[in-house]
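Some notes on the structure that comes next.
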Amino acid sequence: MGSLEQVVEGRVWKLGDSIDTNQLAGGGLQGGDPASTLRINCLRGLRPDFTDQVAPGDIVVAGTNFGCGSSRQTAVEALQLCGVVAVLADTVAGIFRRNSIALALPTFAVPGVSGLVEDGEVLRVDYPARVVVNVTTGARGELASLPASVEAIYRAGGLRQVILARLAAQGIAPAP
Amino acid sequence: MAGKTIAEKALSRNSTSGESVAAGDLVDARVDGLLAINYLHVGGTYRQMGFPDGPPTVFDPERVYLMDDHVQPPRSVEVARANRESAGVAARLRLGHYRSEMGIGHQIMLESGYVRPGELVVGNDSHTIAYGAVNAVSTGVGTDEAAYVWAFGDLYFTVPETIKVTLRGERRPYPFAKDVILYLAGRYGDSFAQDHAIEFDGPFCHALDMSSRVTIADHAVEVGATFGIFPFDETTDRFVAASGGDGRSYEPLEADPGAVYATQVEVDCDSVDFQVAKPFRFDNVVPVGEVAGRRIDQARIGSCANGRFEDIEIAARMLRGRRVAPHVRFYVSPASLAVYRQCAQAGLIGDLLEAGVQVDSPGCAICQSPGIVLNEEVCISSTTRNYHGRFGGATCADAEVYLAGPATVTAAAIAGEIVDPRDYLGG
């Protein structure tokens, strides 16, 4: 799982505009369990080679409106199950962005990022330095700072950890 | 000081710190209601956090609305088990509004009076945004966020900037609400309101019945909006009074005169033709004439967008004395049991069956995969989305789904191909 502080460098899977939640997590083939069903169908309709070839540490780069559609957080989980450690898109749909924060998948809206990198090139995502670098070509883009409270959710490891901590503070759950 | 938009007012009023907020601020806000659909989801989050028996607490048992809507009747043992656990959790936490029956959660929320004008409501389904129809400030959130709200009753929000959409024109027999929102998407794109609130306004808006307002507010998420809010007026007042609910008081919200808008858009609704969204995007919109002649295999009416009495009445009226084309499977699913009952009492169900329609049970299934559309098939539907694989998953990613209003869908079902519905609508 990626984290904000970690500098990640990975192969880019470049996608188009308005990649929706049905393409990310819309079912189809039947896996052995819910997680494998999610994994094997992720982007399959669009890129049949994706789930066979994607490797841990890979990065998804897309155009505008990435993750539009339903509120299903399985859209984020499916990418995580495929090993994707970061998502960068020109713009990101609101609920997908919230879900990626909740599940601590680093996701960044970077206007113009789809023009910065081609499919198969290597991208470095360096949030501490607020920069994204196409390692293949040297092209660079800026990462905007996330609000401190959002960074805190990432640092906790996701919203479930925040829930557990707050339940513990109320004496409902054991201290983490 | 600048005036406030409806979104700014709602999030200021509910801010846990009591501070007044403006567009761009990040705020922790108390929510007035949580729709939790499918216990499978929130229950799964708690199970993975070490609570196998479900949430250990609830922020307010009267403000969490738990529904089994997407998964009733259950289609797998796993889901059947989750629904059983759902009932157990509702009893243990004494939830005041647990609804296990068939029907779409959003329709049940609205017709039961569970959501009131001006309230800030979230739900773990993107079409929670539909409650903007009754002047609520509502939006979809993820499962873990719903689990968070379930326990604590608050959540972080980025206060959105607001786009004002003024709908002009008089209310004529058509276009229908679906045509208006499809036109808006086609004209401005599927992310034109991304991370923004929309405030709908204008004379056409006030002339719309509640069912039509729900269609438009429901689809605000299809153009990227966080909230899609209608003004409160007599129509809202009558609808809310009739829906009953627990009778709790409410305060409608309207924008201040000096409210600042990111953009203002006007639509002359009288000049809007029947619209169709071609595969595979909500904004891939053309007037119906441009796709006339496309042969269809399947037609659907239903969903939170267009599964109400008013939608089904249009279909029944058009089908009297006519029949569904022999090669077309036409499914109609009332949005809730209450809608079903209303349709049955008005004789509409008989009309549909007589004409060869396959009347399906109420619920969300009509908008998902059951009734799969194969890659070589074509469907026209009044439901919410036409994405790749919407009606069959990744292995049916090339199946074509056209979105349209109930009249255009019904006309296509009769003709066996997409046609201008005017000839079937009568005077």
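Taken together, the values in this text are just the output of simple stated rules run on the coordinates, not laboratory data. Owing to the predicted nature of the structure, the values given are computational and were not obtained by experimental measurement. Here Cβ is always computed from backbone atoms with ideal geometry, including for glycine, and neighbour counts include all displayed protein chains.
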Can you give me the three principal axis dimensions of the range B:355-427 from its C-alpha atoms, in Å, biggest first? 43, 25, 20
Can you list which of the GluC sites (Glu not before Pro) found in the range A:85-175 are DSSP loop residues with at most 14 other C-beta atoms within 10 Å? A:Glu118
Quick one: net charge around B:Ile181, please, counting Lys, Arg +1 and Asp, Glu -1 for every other residue with C-beta under 9 Å from its C-beta. -2
20 Å binning of all Cα-Cα separations within the protein assembly as shown, expressed as whole percents from 0 upward: 21, 57, 21, 1
Could you tell me the center-to-center distance, by alpha carbons, between the range B:236-287 and the range B:31-83 in angstrom? 30
Diffusion constant of the range A:1-89 at 37 °C, which comes from Stokes-Einstein with the Kirkwood Cα-pair radius and 0.692 mPa s, µm²/s: 253
As I understand it, the dipole of the range B:276-425 uses +1 on the Cβ of Lys and Arg and -1 on the Cβ of Asp and Glu, about the Cα centre. Which of B:Ile301, B:His327, B:Ala411 lies farthest toward its positive end? B:Ile301
Going Cα to Cα from B:Lys9, which lysines come in below 24 Å? Please leave out same-chain ones fewer than 8 positions away. B:Lys164
In 5 Å bins starting at zero, report the fraction of Cα pairs in the range B:276-425 per bin as a rounded %. 2, 12, 22, 25, 21, 13, 5, 1, 0
In whole Å, how far is the Cα centre of the range B:374-404 from that of the range A:28-83? 19
Under a straight-distance cross-link criterion of Cα-Cα below 25 Å, which lysines are reachable from A:Lys14, leaving out those fewer than 8 residues away in the same chain? B:Lys278
Chain B, Gaussian network, Cα under 10 Å: of B:Ala136, B:Ala338, B:Ala413, the residue fluctuating most is B:Ala338
Chain A, relative contact order [Cα under 8 Å, separation at least 6], %: 24
If you keep only loop residues by DSSP, which GluC sites (Glu not before Pro) in the range B:366-427 have at most 14 other Cβ atoms within 10 Å of their Cβ? B:Glu376
GNM top mover of B:Ala335, B:Ala133, B:Ala87 - chain B, alpha-carbon springs below 10 Å: B:Ala87
What helix-only [θ] at 222 nm does chain A give? Using -39500 (n - 2.57) per DSSP H run of at least 4, over all residues, to the nearest 500, the answer is -8000 deg cm²/dmol
Helix-derived [θ] at 222 nm for chain B: sum -39500 (n - 2.57) over DSSP H runs of at least 4, divide by residue count, nearest 500? -8500 deg cm²/dmol
Net charge near A:Arg39, counting Lys/Arg +1 and Asp/Glu -1 over other residues with Cβ under 12 Å of its Cβ? -2
Starting with the fewest neighbours, write out B:Met109, B:Met318 ranked by other beta-carbon atoms found within 10 Å of each beta-carbon. B:Met318, B:Met109
Considering the options A:Ala129, B:Val21, B:Ser86, tell which one lies farthest towards the positive end of the dipole of the protein assembly as shown, charges being +1 on Lys and Arg and -1 on Asp and Glu at the Cβ, about the Cα centre. B:Ser86
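Quick one: compute the contact order of chain B, relative version, from alpha carbon pairs under 8 angstrom and 6+ residues apart, as a percent.
Result for chain B is 16 percent.
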Please express the shape of chain A as an equivalent ellipsoid: the semi-axes are the square roots of 5 times the eigenvalues of the C-alpha gyration tensor, given largest first in whole angstrom. 26, 22, 14
Unit-weight point scatterers at every alpha-carbon of chain B, Debye formula, q = 0.06, 0.07, 0.09, 0.11 1/Å: log10 I(q)/I(0) is -0.23, -0.32, -0.53, -0.80
Highest-fluctuation residue, B:Asn14, B:Asn124, B:Asn375 considered, GNM on chain B with Cα pairs under 10 Å: B:Asn375
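Quick one: order B:Asp195, A:Asp58, A:Asp52 by neighbouring beta-carbon count within 10 Å, fewest to most.
A:Asp52, B:Asp195, A:Asp58
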How high is the relative contact order of the range B:276-425? Use alpha-carbon pairs under 8 Å, at least six apart in sequence, and give a whole percent. 35
From fewest to most C-beta neighbours within 10 Å, the residues A:Asp49, B:Asp144, B:Asp209, A:Asp90 line up as A:Asp49, B:Asp209, A:Asp90, B:Asp144
Among A:Gln80, A:Ile101, A:Pro111, whose Cα lies farthest out toward the positive end of the dipole of the range A:8-145, if unit charges sit on the beta carbon of Lys, Arg (+1) and Asp, Glu (-1)? A:Ile101
Averaged over the residues of A:94-106, the number of partner chain Cβ atoms within 10 Å of each residue's own Cβ comes to 5
